1. With the convex hull built on the Cα atoms of the chain, state its orientation-averaged projected area in nm².
2. Pairs of Cα atoms under 8 Å, at least six residues apart: use those to get the relative contact order of the chain, whole percent.
3. Could you give each residue of the stretch 243-248 its phi-based ³J(HN,Hα) in whole Hz, using Karplus coefficients 6.51, -1.76, 1.60 with θ = phi - 60°, and x for Gly or Pro?
4. Restricting everything to alpha-carbon atoms, can you work out Rg to Rh for the stretch 225-376 with a Kirkwood hydrodynamic radius?
5. Mean-square fluctuation check for the chain, GNM, Cα pairs under 10 Å: which of L360, L267, L170 is largest?
6. Using helices alone, what [θ] at 222 nm do you get for the chain, with -39,500 (n - 2.57) per DSSP H run of 4 or more residues, divided over all residues and rounded to the nearest 500?
7. With an 8 Å Cα cut-off and a minimum separation of 6 or more residues, compute the relative contact order for the stretch 304-373 in percent.
8. Just in the stretch 312-376: which GluC sites (Glu not before Pro) are loop by DSSP and have at most 16 other Cβ atoms within 10 Å?
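Where a number appears in this text, it was derived from the coordinates with a stated rule and is not lab data. Just so we're clear, the structure is a prediction, and the values are computed from it rather than from any experiment. FYI the Cβ positions are ideal-geometry reconstructions off the backbone, even for glycines, and counts take in every protein chain you see.
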Amino acid sequence: MKKNFTTDRATTQDVVDIASLLSWAFGFSKARSHEYIANIGLEAMRLIRGEDGRPAVCAGLLQTAHVFHRRSVRAANIVHVAIAPEWRGQGLAVPFVDALCDEAKSNGATIATLFASTRPVYRKAGFELAGHEIIYEAATAALPSASKLAFDRVELDDPRLAIAYLAKTLPESGLLERGAAHWNELRRTPTDALAAYLADGEAAYLILDMGNKACLTVRDWFAATPEAAQGLLSFLARFRSVYPAVRWHGAPQDDLVAAMPDKGWRLAHQEEWLLRVLDPEAALRQRGYHVDAARLALRIGETSPLAIDIRAGAVEICEAAHASVSMQPAAFAQLFTGFRSASKLAQYGLVSGDSADIRLCDQLFAGPPPWVAEHF
């Protein structure tokens, strides 16, 4: 394959070949591959074609946003990069992802995020660890059982679920502003054992997958208060006669874990997602911050320093004459989300500057540890 390739948009004639790529790369069944393409939309699929015109590489490019300190940062999720076995090992992944990032930036994204099966490859493309995906497991017998919170079953596409999820994003860091593709994947098959429940006053909701009797799976959830979190767990406790365990996606500092007794839960899975900053100035301008007033000048790589000027909670970004803190782009990606502090990055030799300015940088990007509530 020629290295001076161009990316292409998928057409209906490409669906069968894309489904095969997904099956070969991720072990999807034929039905799951076709469902996934339908869920994210064929218009989101990008390709590299071989000399015969058939797809040799594919990925999805989803327009979205990540929320940081109650403000949305425009983003693109790069999802399920799949390379045909005969084309692997030829250096296609990095230029392909670079091309996707260029397209995302041209469409207004300031950051790009992905999950990586081979991190060294994506680090070459400028991505770095930026947040967590965590799955907790609890014994249903250990769940609290006393609660006055009542749940009613609702349709899976009930708009109140999306409204409640939006409320969930605001006090957290890194959660997605979900588009149709994300919601479609949460409602994926098997739907015969899938149900949604909404609490009185919309204080909590659950999307439950009851298809595996070994474990009840919470595909999505929200609890507005500690009392609602305990009520949600109490509702799950009603399933203890059928399911010995329950699993859910949660935060590093998780509300459901906080509502649990001291024992009875464990960390079942942890993975990190990666981020590349496509437009540092715009990303800094869009992000929310933990302080109401501060001024700090950052140098990111070899670019001109950028001054972050926060007054009464409003942020302005402009070029600065001198930098008070300097770092490489990989360190900036970790700092931007709050995945690692400036002080910790300085300890690793990835950030330099006056110690007082590095501490100010810590304050500026402080907040809850970043995470996402699904694997995209």
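1. 20.1 nm²
2. Working: 801 pairs, mean separation 71.9, N = 376.
For the chain, the relative contact order is 19 percent.
3. With the stated coefficients, the stretch 243-248 comes to 10, x, 9, 9, 10, 8 Hz.
4. On the Cα set of the stretch 225-376, Rg over Rh gives 1.10.
5. Per the Cα network of the chain with a 10 Å cutoff, L267 tops the list.
6. On the way: 12 runs with 110 residues, N = 376.
Rounded to the nearest 500, it is -8500 deg cm²/dmol.
7. About 27 percent, as a whole number.
8. Counting only loop positions with at most 16 other Cβ atoms within 10 Å, the GluC sites (Glu not before Pro) in the stretch 312-376 are E374.
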